[in-house]
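Novice: What follows is a structure written as structure tokens; I'll ask about it next.
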Amino acid sequence: MSFVASGFLILKSQKHIKGETMGRKPKRSSWGSVTQYKPNVWRLRYPAAPDPVTGKRKQGSETVYGSKADATKRLAELQLLHDSKRSSKVLTVDKCWELYYRPYISRLAPSTVAGYESKYVKHIKPAFGRMGMESIKKAQVQAWLDGMTYGQARSCRAVLRALYSFANDNDLIDSNLMSKRYALPKKPKTEANPSDTVHNEETLLRLLAACKGEYWEAAFILSAFGGARREEAVGAKWEHVSFMDNCAIVEFRDSVQYINGEVVIGELKTEGSYRTAIIEGKPAARLKELFFERIGDTWVTEGDNCSPVNPDALSAAYKRWHIGKPFQYVPWKYLRNSYATNLHARGVELGIISKLLGHTTPTITYKHYDRMSAQQLIDVLKK
């Protein structure tokens, strides 16, 4: 009897040791976990504040020597400490922005960061900066949005939503206020015909002839006949321009922006923006002339001290140039729209145009860039 009992005890003891040596599955609670590491040694794991630079979640850990009850008790103490810190030190919108979210978005393009900061400083901070993130009510956010224009409300809602999503995903707050639905102010109706914001190919060629000798002439060619965004046209370098079969081949590799009073050279808008443009005919021939006229320049449109020009100054100069000229003024950004619309009018497939513009999908091209006039539509139907 005693032998059987003894044998039973030995087997039980061996099973117990095996479980301890190999490690037991962690005993999870609603907050953290307790795992047996060795006999009378327990490892606690629990959530900690995210890394302020990477935004990645961090995990705290602690080793407890003693019984499982001791480990469980210590985990409860840590949870109480965590909860008391959160209740005594309210996470305000300002603190979340400065300590966590602002460092996190610093990896984004400078223009994106500047846009977020502008909306935060002008609109979000004055309204909610000193308030606790979990004390703000939906009605307050809706009233705030109601006091803006449609464009302001749409962009500010996006920034505040991104801030709350980041905080919620990283356990800084328990609920996401911005996951709720919010109505935007009524979008104003535009009476202008979309086709009025583009130039047909004939008008663009007349503009090219008229602007000969202007410092922004080469950038105009890249936007009007190569589909370049303004920042891409200013960021183009002569080393990325070549000529073949009466065509100019331009590789877009850099973007130039004016941020906080400085000209900043950075990456292009998207991965698809890194692309090659083909420019034909008279615009290509004129770009080739400029290539030889400006030997020694680095930038296709070069400013003082061998640096690229300020894209905002370029747009302003282009607008001033129209004064007294027999051309309808269409802002620089619509030269790219003109390029896309004219290609479509010539019968080029939308998928090809999308790639030439650096869009991720043809849907974007169709929605924002296809603005054919009535005459262009008639010409297409006749083909």
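Novice: Using θ = phi - 60° and the Karplus form 6.51 cos²θ - 1.76 cosθ + 1.60, what ³J(HN,Hα) does each residue of region 96-109 get, whole Hz, x for Gly and Pro?
Specialist: 3J(HN,Hα) across region 96-109, in whole Hz: 4, 5, 6, 7, 10, 6, 4, x, 5, 7, 4, 7, 6, 4.
Novice: Continuing with this model, one more query. For region 273-355, with the dipole built from +1 on Lys and Arg beta-carbon atoms and -1 on Asp and Glu ones, taken about the Cα centre, which of PHE292, TRP321, LEU350 lies farthest toward the positive end?
Specialist: LEU350
Novice: Sequence-distant or interchain residues sharing an amide H contact under 5 Å with VAL41, placed H: which?
Specialist: GLY66
Novice: Taking the mean number of other Cβ atoms within 10 Å as a proxy for protection, how do you rank 67-74, 330-337, 296-303 from highest to lowest?
Specialist: Order by mean packing, descending: 330-337, 296-303, 67-74.
Novice: Go ahead and run the numbers for FRET between ALA48 and SER307, Cβ-Cβ distance against an R0 of 35 Å, rounding to 0.05.
Specialist: 0.20
Novice: For SER315 and TYR274, calculate 0.36 nm times their separation in residues minus their Cα-Cα distance, and state this gained length in nm to one decimal. Present the calculation step by step, with values, prior to reporting the outcome.
Specialist: Numbers: separation 41, 0.36 × 41 = 14.76 nm, distance 2.28 nm.
The SER315-TYR274 span can extend by a further 12.5 nm.
Novice: Which GluC sites (Glu not before Pro) in region 99-197 pass both tests, a DSSP loop state and at most 12 other beta-carbon atoms within 10 Å?
Specialist: Filter output for region 99-197: GLU191.
Novice: Taking θ as phi - 60°, what are the ³J(HN,Hα) couplings along region 132-137 by the Karplus curve (6.51, -1.76, 1.60), each to the nearest whole Hz, with x for Gly and Pro?
Specialist: So the J values, rounded to whole Hz, are x, 4, 9, 9, 6, 9.
Novice: Further, regarding this structure: Over all directions, average the projected area of the Cα convex hull of region 95-179 and note it in nm².
Specialist: Answer in nm², one decimal: 5.3.
Novice: Expected output is a single nm value to one decimal: the length gained when fully extending between ASN176 and GLN79, i.e. 0.36 nm times separation in residues minus the C-alpha distance. What is it?
Specialist: Going from the current span to full extension adds 32.8 nm.
Novice: So, by mean Cβ neighbours within 10 angstrom, what's the order for 172-181, 122-131 with the highest one leading? Working shown, then result.
Specialist: Values: 172-181: 13.9, 122-131: 15.9.
Order by mean packing, descending: 122-131, 172-181.
Novice: So, one more: How do the peptides 91-101, 314-324 rank, highest first, by the average count of neighbouring beta carbon atoms within 10 Å per residue?
Specialist: 91-101, 314-324
Novice: Per residue of region 171-177, what does 6.51 cos²θ - 1.76 cosθ + 1.60 with θ = phi - 60° give for ³J(HN,Hα)? Whole Hz please, x for Gly and Pro, Karplus curve as stated.
Specialist: Per residue, the Karplus-derived 3J(HN,Hα) values read 6, 7, 9, 8, 9, 9, 4 Hz.
Novice: Assuming R0 = 45 Å, what is the FRET efficiency of ALA209 and ARG161, from their Cβ-Cβ distance, to the nearest 0.05?
Specialist: Between ALA209 and ARG161 the formula returns 0.40.
Novice: Can you sort ILE259, ILE105 by how many other beta carbons sit within 10 Å, fewest first?
Specialist: With the sparsest Cβ surroundings first, the list reads ILE259, ILE105.
Novice: Moving on. List the trypsin sites (Lys or Arg not before Pro) in region 212-283 that DSSP assigns to loop (not H, G, I, E or B) and whose Cβ has at most 11 other Cβ atoms within 10 Å. Which are they?
Specialist: Qualifying residues, ordered by number: LYS212.
The numbers here are math on the coordinates, done by the rules we state, and not lab data. The model shown is predicted, which means the values in this text are computed figures rather than measured ones. Neighbour counts run over all protein chains shown; Cβ positions are idealised from the backbone, glycine included.
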